[in-house]
Every structure is written in C-alpha cells, then in structure tokens.
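S.K.: Would you mind keeping the following structure in view while I ask a few things?
The values are calculated or read from the model by the stated rules, or taken from the named source; none is laboratory data. Please read all numbers here as calculations on a predicted model, not as lab measurements. Here the Cβ positions follow ideal geometry from the backbone for every residue, glycine too, while neighbour counts run over all protein chains shown.
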Amino acid sequence: MSLKKLFQVKSLDQILVDAEKPEYRLNRALGPVHLIMLGIGAIIGAGIFATIGTAAAGDAYRPGAGPALMISFIITAVVCGFTALCYAEFASMVPISGSAYTYSYVTLGEIVAWIIGWDLIIEYAVGNIAVAISWANYFKTLLRGLGIIIPDWLSMDYRTAARIVDATGQSTVFRDAPHVFGVPIVFNLLAVLIVAAISIVLVMGIRGSARFNAIMVGIKILVLSFFIVVGLKWVQPENWTPFAPNGWAGISAGAAIVFFAYIGFDAVSTVAEETRNPKRNLPIGIIGSLILCTFFYVVVSAVFTGLISYPDLRTKLATEQAEPLTMALEHAIPHLGWAVGIVALGSVIAHTAVLLVFQLGQPRIFFSMARDGLLPAMFQKVHPRFRTPHVATLMTGAFVAFFSAIASIDEMVDLTNIGTLFAFILVCSGIIVIRKRDPDRKPSFRVPGGWGWTIGLYVAFALGLSLFTFSILTKLIILGVAGVVFVLARNHIFPVLGILSCLYLIYYLPPTSWLRFAAWLNFGFVIYAGYGVVHSRLRGRAVSEDPATHDRYTALTGAILGLVGTALLLVTRGLDIILVAFQAIRGPEGWARVQEAAGHIQSLDAWLQSSWFLTAPLLLNTIVLGPLSLRRAWRARQAETAATGRPSGTLAIGLSALLLALGAVYLIAMLVHSIA
C-alpha cells in the first residue's frame, strides 16, 4: 500500500451524499442574518476588549503600534479578507460541517485534513480557553464594582497566582488559599462555570443558540457604539502624535497581536449543514461579518488612541491590571464612572458571545472527523430530540473547562494565533489545488482573479511601498520580485496573497509559539497513527487489501509522521534559539548581528535546555508511537513471511527503530544535562 494513500482525497460528491443520511442530518435553521450575527459574535470579543492595549503599547518582546493601531487593524483585515474569500468559495462549494477540515479533505488529502482538523482545535477549543479566562477576569471586575468580591484563589491559574507576591516575596494568593496536604488550592472557578453554562445552551439546540447569540451581538454593538459616541467628545488629537512611534516594526507587531481580534469569521462555515441555502448564505455571512467588524475595529482604535497618549498607555499597562477600553475612559473622563461600568458590562457580554460561537464550532469539527472514522464514533452521535452533536459538545466543554481552570492566558493566545494562521494557509492552498484538480466544478461564489485584479492589487502594493523610507534601489528590487509573484499568481492572486500575508504575520509572533505549535502537531500525529489511520473510512483496516499490508502501511505512516514531527520540533527549537539570541544581542547590527545570533545554535547547552513542549512530544514518540509502529511492522513482516516465504517491511522496521533511537538519545541527553 503506497504512502500516496495518505494524500488520497475524499470525493466531494460522496461527502455531500453522506451529509444527507438521516442519522447524520442536522437541523437547517440558519439564514443570512443569523450567520452575520454568528460571525460578529465570534469576531468582536476578547480581541478588541483585551489585546488592543498590548497592540498599541507593545510588550516586553514586541514594539507597539501606537496611534497607528488603526493601520494594524486594516492590515490584519486585508490578510483575513484574502482568506475570507477562500472560505466563502469553499463554503459555497462544500456546504458541510467541518470548515477547513472538510475543505482540506476534498483537496489536499486525508493526512492534511487530519492535520488541519487537529489544528482547528487550537483555534476553537484552545482559543476558547483564553476567552474563558479573560471572561472570568472581566466578570470578577464587574462583580467587584457591585460590591461582590470573588477570592483570587477561585479566579486565576496557579502560575499567575505565583507571580502575585507581597513585599516579602510570598504569593498572597497561595497564602490566602485553602490547603490540602500543604498544597494551595488555586483554580479559575468562574471560567469553569461559564463554559459549563455555554455547553448546556448549545446542547439544547442550534436555533435557541442562534437567538441567544443574536441578542448578545446586538448588546455588544450597542456598547461599542456607546464607547465611540462618548469617547469622541473627549478625544485629544495631539494624542495621535507621533502617529507611529515605532515605525513599521510596531505596526506589523500590532497587526500580529490584533489578529486574535479577527479570529472567528471562519466559524460561520462550521454550521454549513444547519444553514438554509448554504451556497448563497454562507458567503454573505462570512464576508459581511468581516466587513462590519473591521469598521468597528478601526473606529474604536481611533477613539481609544485619542483618549490616552502612547506614553501614558505604556505606563498604565506596565503598572496596572485593567481593561484597556475602560482604562482609557477612566483616564480621559474620570468623572463618568457610569460610562466605564457600561463598557465593562459590554466586555463581559462580548466574551460570552465569543464563547458561544467557538464552543459551537469545535464539536461540529469533531462531528465531521468522527463521521470519516478519524475519531471514535461517539463524537458523531446526534441528540434524538435537539438534533445537535451533544456528545462532542459536552466533551469539548469538559476539555475547555478543565484547562480554563488551570491554564495561563498568555500561552493560549499565542498558540491560538499561530494555529489559526496555519489553518488559513491550508485553506488558501486548497482553493488553488481544487481548481487544478476539478476545473469543471462551478461554485456559486468564486474568488476573483485575472489580470484586472492582479494589476489593481500590484498598483496598490506599489503605492503602499512608496510610503516607506527605503532606498530607491531597495524599492526597485522589492517591486521587481513582487511583480514576478503577481504575474505568476494572476489566476489565483487572492489565495497566494493570503498565504504570503499569513506567513508574514506568523513571523511577528513570539518564536516560542512556533515550538508549542510543533509540539501540538506531534500530539496529533500520535493520535492519527494510533487510531485515525486504522479506522479511516477512506483507507482504514476495514477497506484494506489484507491485514498484513495494512499493518505495514500503518507502521510506515506512524514512523514517518513521528520522524517528521521530530524534525519539526528540532527546526522550531533551532529557530527559537536563534531568534531569542537575536533579540538579546545588543551592539552589532545588520548581518553581523544575524551571524552572532546564528552562532548560538552551535551551543549544545542551548539545545539541551529543558522545555515541556519539547520533552512531552518526544516522550510520546519514544514510548508510544515508536513501539506501536515497530510492533505493526514486525507483525506485518511475520505474516507476509509466512504467506510468501519472503521477508518484507524492512523499511518500516528501520524507520520505527530510528524514531525510537532519536527520541531516546535526545531525552537521555536532556536528563543528563539537567542533572549535571
């Protein structure tokens, strides 16, 4: 069995037939207005209320955009717009639950579909963990304003609690928390409760969920409009000077940070099977929600940066823990406490709406993956009364609630950003592939292309480049390279620009997030090799030629995925070492600085520094994936030797042994280094 089977695609026509089977059929109750509200509910939320401050002021590792935050939002909107067009075409062509997972299955093959389905857990479930934690923080603040005090040990994670210390260096949260056998009990109860409540709402039915979300979105838009109207009166134009205190680096870093504020428009595509006339309504919902949210973001960021100067914003964020929008109002108009309270309430509502939509999307991706045999069958069960994937919904809720109680929001946000950008890259790639593979299929919505759009976009790019202070020679080189790219990609200009712009934003994410993402992919490889490749309806054991051939195929698949995963870990660890060193170097500039940073990669000490995101996946590869692949390969060898008299499976055995050896050697070296 050839490894090409890993990239075998599922028939688009078969997917459409499967979706209409009575046991899998979901209730079609959503129209275009519901979808736009659903998109707005997912997009406008934790990002605009939480990350806007960091994007404007910067943090310890990245410069801030300052008042040029408006440009950062526009840049991110353009990046998401390229991808939104691709999502809209796919949604009109493949109106099936599963979003990018399903799109990848019909274009790039099963292994890519698995990777993107596993990756989407980051966007929806891990992203929801971050939103739930943020919701808990804001709700706690709101309750405090009403005179209700929630203890710190019931509203934060263990690591955050460890950072809050008194003058003696003792954690005040640990000191006040109850102890069991001397261990302080610290967890985020508020986050757990909101996730549980949202999960129950979703199990009860999609129509009720849509109504609930529509109410939330309406209130949220009113609150943001209130912030704009009240804030406009107190805006000080001098606060917009200097407009871009950190230049293009600050604007780009700001765009990467506020990307979290745009995550969600693709959630609309996950309810395709619950949408009336999905070929028409899904593109309307996706693109319409993105346009409306961009308008709000640009106006809110203009008012926000006009209420508080860049230096004051940096100082306040470094010394206070407060919501950015309410902090700006308190700074500019301290006597309007009631206005601050209204915006704080809006923040809680915004987070609730995002929790609803993300918690709605993830179970439907599990539902699609289980229907294809890549996850256990329990994930595809539909409630007999409510016609919702209740098992997947409750299990997603349990996963999100557990990690919301113990996780730190900072790591969750960065992991969500890189995972979502990776999903966007695969969706844009899928559009190009399916047009080449199935040119006769005509979706009701098609991403535009051709010479007209290409020339227009190139002119816009050239005008934007003219605003920079590069030398004439540098600008000519950039225009020349860009011209070649634009001409070659003219028939797929929007998908290609979507891929390139997503890679651009990934570059501005913290390098540590790349290693975390590689670790997450490794966990997914283990699950796919252990379960998905065996039970796949497309290429599983039940449809294989014979057990021995399938064992050899699954052994080779597991070994190769394990080696690819190990390589990803090592590459991202190397990039992490170089970029961290590059940021820490003070003195040489330009090529000399790059060379000095690259020299750090030769340090054995840097490679052997302990990291959970490196150790855990390597351990799984060594004690689970390696032995599993080796056992399957040996079983196939014995069966084929008995049947034909000729031994086979040498390659699978060798690669499995190599995977075991690599993981074991690296882990032992890390252990020895830590002891020494």
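S.K.: Restricting to region 131-147, and then to whatever is among the hydrophobic types (A, V, I, L, M, F, W, C) and modelled with pLDDT under 85, can you tell me which residue is farthest from the chain's Cα centre (by Cα)?
M.R.: Applying the filter and picking the extreme gives Leu146.
S.K.: Sticking with this structure for a sec: Could we say that Phe304 is in a helix (DSSP H, G or I), modelled with pLDDT of 85 or more, of a type in the set (Phe, Trp, Tyr) and under 30 Å from Pro32 (Cα atoms) here?
M.R.: No, not satisfied.
S.K.: Is there any pair with a first residue in region 241-253 that is modelled with pLDDT under 85 and a second that is outside any loop (DSSP other than H, G, I, E, B) and surrounded by 15 or more Cβ atoms within 10 Å (Cβ to Cβ) whose Cβ atoms are under 7 Å apart and which are 6 or more apart or on different chains, and what are they?
M.R.: Once the first residue is modelled with pLDDT under 85 and sits in region 241-253, its partners that are outside any loop (DSSP other than H, G, I, E, B) and surrounded by 15 or more Cβ atoms within 10 Å (Cβ to Cβ) give Ala249/Pro63.
S.K.: Run down Ser444, Ser429, Ser408 and say which single residue is closer than 30 Å to Tyr507 by Cβ and modelled with pLDDT under 85.
M.R.: Answer to the selection: Ser408.
S.K.: Could you please find all residues in region 542-575 being in a helix (DSSP H, G or I) and at pLDDT below 80?
M.R.: Within region 542-575, Ala542, Val543 meet the criteria.
Condition check ((1) β-branched (Val, Ile, Thr); (2) part of a loop (DSSP other than H, G, I, E, B); (3) at pLDDT below 80; (4) not assigned by TED's automatic domain parsing to the domain that holds Ser536) across all residues:
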residue	(1), (2), (3), (4)
Ala339	no, no, no, yes
Leu345	no, no, no, yes
Val354	yes, no, yes, yes
Val357	yes, no, yes, yes
Pro363	no, no, no, yes
Phe366	no, no, no, yes
Val382	yes, yes, no, yes
Leu394	no, no, no, yes
Phe403	no, no, no, yes
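S.K.: For region 351-404, which residues satisfy the criterion of being free of Cβ contacts under 8 Å to residues at least 24 places away in the same chain, among the charged types (D, E, K, R) and farther than 19 Å from His535 by Cα?
M.R.: Once the filter is applied, which keeps residues that are free of Cβ contacts under 8 Å to residues at least 24 places away in the same chain, among the charged types (D, E, K, R) and farther than 19 Å from His535 by Cα, region 351-404 yields only Arg385.
S.K.: Here's another thing I want to ask about it. Report, ordered by the first and then the second residue, all pairs with beta carbons closer than 9 Å, sequence separation of six or more or different chains, a first member in region 46-75 that is among the β-branched types (Val, Ile, Thr), and a second member that is outside any helix (DSSP H, G or I).
M.R.: So the pair list comes out as Thr54/Arg62; Thr54/Gly64; Ile71/Ala65; Ile71/Phe243; Ile71/Ala244.
S.K.: Also, I was wondering about something else. Any chance you could count how many residues in region 223-232 are in contact (Cβ under 8 Å) with a residue 60 or more places away in the chain and closer than 11 Å to Gly346 by Cβ?
M.R.: 4
S.K.: Could I ask something else about it? Could you say whether any residue in region 329-341 is over 26 Å from Met204 (Cα atoms) and surrounded by 24 or more Cβ atoms within 10 Å (Cβ to Cβ)?
M.R.: yes
S.K.: Among the residues in region 619-629, are any under 12 Å from Arg552 (Cβ atoms), touching a residue at least 60 places away in the same chain (Cβ under 8 Å), in contact with a helix residue (DSSP H, G or I) (Cβ under 8 Å, 6 or more places away or on another chain) and crowded, with 18+ Cβ neighbours inside 10 Å?
M.R.: Start the filter on region 619-629 by keeping residues that are under 12 Å from Arg552 (Cβ atoms), which leaves 629.
Right, trim to touching a residue at least 60 places away in the same chain (Cβ under 8 Å) and you get 629.
Keeping just the survivors that are in contact with a helix residue (DSSP H, G or I) (Cβ under 8 Å, 6 or more places away or on another chain) gives 629.
Of the ones still in play, those that are also crowded, with 18+ Cβ neighbours inside 10 Å are 629.
Yes; the residues of region 619-629 include at least one that is under 12 Å from Arg552 (Cβ atoms), touching a residue at least 60 places away in the same chain (Cβ under 8 Å), in contact with a helix residue (DSSP H, G or I) (Cβ under 8 Å, 6 or more places away or on another chain) and crowded, with 18+ Cβ neighbours inside 10 Å.
S.K.: Another question about this same structure. Restricting to region 461-484, name every residue that is farther than 22 Å from Ala249 by Cβ and either of a type in the set (Gly, Ala, Ser) or surrounded by 15 or more Cβ atoms within 10 Å (Cβ to Cβ) (or both).
M.R.: Listed by number, the residues that qualify are Gly480, Gly483.
S.K.: Which of the residues belonging to region 373-426 are among the small types (Gly, Ala, Ser), out of contact with any Lys or Arg (no Cβ under 6 Å at 6 or more places or on another chain) and within 23 Å of Val192 (Cα to Cα)?
M.R.: Within region 373-426, Ala392, Gly397, Ala398, Ala401, Ser404, Ala405, Ala407 meet the criteria.
S.K.: Select from region 442-484 the residues that are within 21 Å of Phe82 (Cα to Cα) and touching a residue at least 40 places away in the same chain (Cβ under 8 Å) and list them in ascending order.
M.R.: Matches in region 442-484: Pro443, Ser444, Phe445, Arg446, Val447, Pro448, Gly449, Gly450, Trp453, Leu457.
S.K.: Another question about this same structure. Go through region 635-676 and give me each residue that's farther than 20 Å from Gly532 by Cα, crowded, with 16+ Cβ neighbours inside 10 Å and over 35 Å from the mean Cα position of the chain (by Cα).
M.R.: If the condition is that a residue be farther than 20 Å from Gly532 by Cα, crowded, with 16+ Cβ neighbours inside 10 Å and over 35 Å from the mean Cα position of the chain (by Cα), then Arg637, Ala639, Glu640, Ser648, Gly649, Ile653 are the ones that fit.
S.K.: Could you pull out the residue among Leu500, Leu538 that is part of a helix (DSSP H, G or I) and not β-branched (Val, Ile, Thr)?
M.R.: Sole residue among the options that is part of a helix (DSSP H, G or I) and not β-branched (Val, Ile, Thr): Leu500.
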